[in-house]
Amino acid sequence: MAAIRFWSIPAAAGSARAGYCLGLIKKIRGGSHGHSDALRFFEGAAAQGYAPAQKAIGDYYQLAAQGYPPAQEAFADYSERREIGTGAGRDLTQALAWYRKAAAQGYGPAASALARAYREGQGLAADPAQAFAWFSKAAARGDADGQAGLAAAYATGAGTPRDPILAAR
């Protein structure tokens, strides 16, 4: 596949973005080791501080904890190949830790993921005020999910005083 060849050279040279792109390709293509290979590429990019890769790892942890078979199989396969233990990937606190790393760098989609976790009480106690704060950060960074979450919070008064005018913006 041409895309794999295209991204392999800069990834081999240490480009976090290229490693992340290879991870996306592996995730989309699937296959016998597709998702575990995606985790490997995401891990390499995340180790370099690449926020989209950090969020991608968080997404895998969240999906595995929710029982999504491809994510669970990815961790099982990746665990077997890396000898990190078969329980990996079933803990939402790991997803939240990765989301926090990416959000701390200003990555809006990660801030939205944290906001949803606080709103829905996934992996931590539900806290509408924290959800509102994280949706605000995501929206300020131009994240569409953050903007929608912020509008919903204003519309319902979740974590902030109800304000239909701000909800409509």
Got at least one residue in the range 23-34 being aliphatic (A, V, I, L, M), without any contact (Cβ under 8 Å) to a residue 60 or more places away in the chain and either buried (at least 22 other Cβ atoms within 10 Å of the Cβ) or not assigned by TED's automatic domain parsing to the domain that holds Leu96 (or both)? no
Complete set of residues in the range 29-52 that are within 16 Å of Phe75 (Cα to Cα) and of a type in the set (A, V, I, L, M): Ala38, Leu39
Scan Ala131, Ala110, Ala138, Ala153 and give me the residue that is in contact (Cβ under 8 Å) with a residue 40 or more places away in the chain, touching a helix residue (DSSP H, G or I) at 6+ places or on another chain (Cβ under 7 Å) and either acidic (Asp, Glu) or not assigned by TED's automatic domain parsing to the domain that holds Ala16 (or both). Ala110
Taking the condition crowded, with 22+ Cβ neighbours inside 10 Å and in the same structural domain as Gln48 (by TED's automatic domain parsing), does Tyr118 pass? no
Condition test on Gly19, is it without any contact (Cβ under 8 Å) to a residue 40 or more places away in the chain, buried (at least 16 other Cβ atoms within 10 Å of the Cβ) and either not in a loop (DSSP other than H, G, I, E, B) or not acidic (Asp, Glu) (or both)? yes
Among the residues of the range 131-145, are any over 14 Å from the mean Cα position of the chain (by Cα), at pLDDT 95 or above and loosely packed, with under 14 Cβ neighbours inside 10 Å? yes
Are any of the residues in the range 76-86 modelled with pLDDT under 95, touching a helix residue (DSSP H, G or I) at 6+ places or on another chain (Cβ under 8 Å) and crowded, with 19+ Cβ neighbours inside 10 Å? yes
Within the range 39-64, take every residue that is over 13 Å from the mean Cα position of the chain (by Cα) and aliphatic (A, V, I, L, M) and give me the one that is surrounded by the fewest Cβ atoms within 10 Å (Cβ to Cβ). Ala47
Scan the range 34-47 residue by residue and report those that are in contact with a helix residue (DSSP H, G or I) (Cβ under 6 Å, 6 or more places away or on another chain) and not charged (D, E, K, R). Gly34, His35, Ser36, Ala38, Leu39, Phe41, Phe42, Gly44, Ala45, Ala46
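The values are calculated or read from the model by the stated rules, or taken from the named source; none is laboratory data. What you see is a predicted model; the values in this text were computed from it and never measured. When we count neighbours, we look across all protein chains shown, and the Cβ atoms used for this are built from the backbone with ideal geometry, even at glycine.
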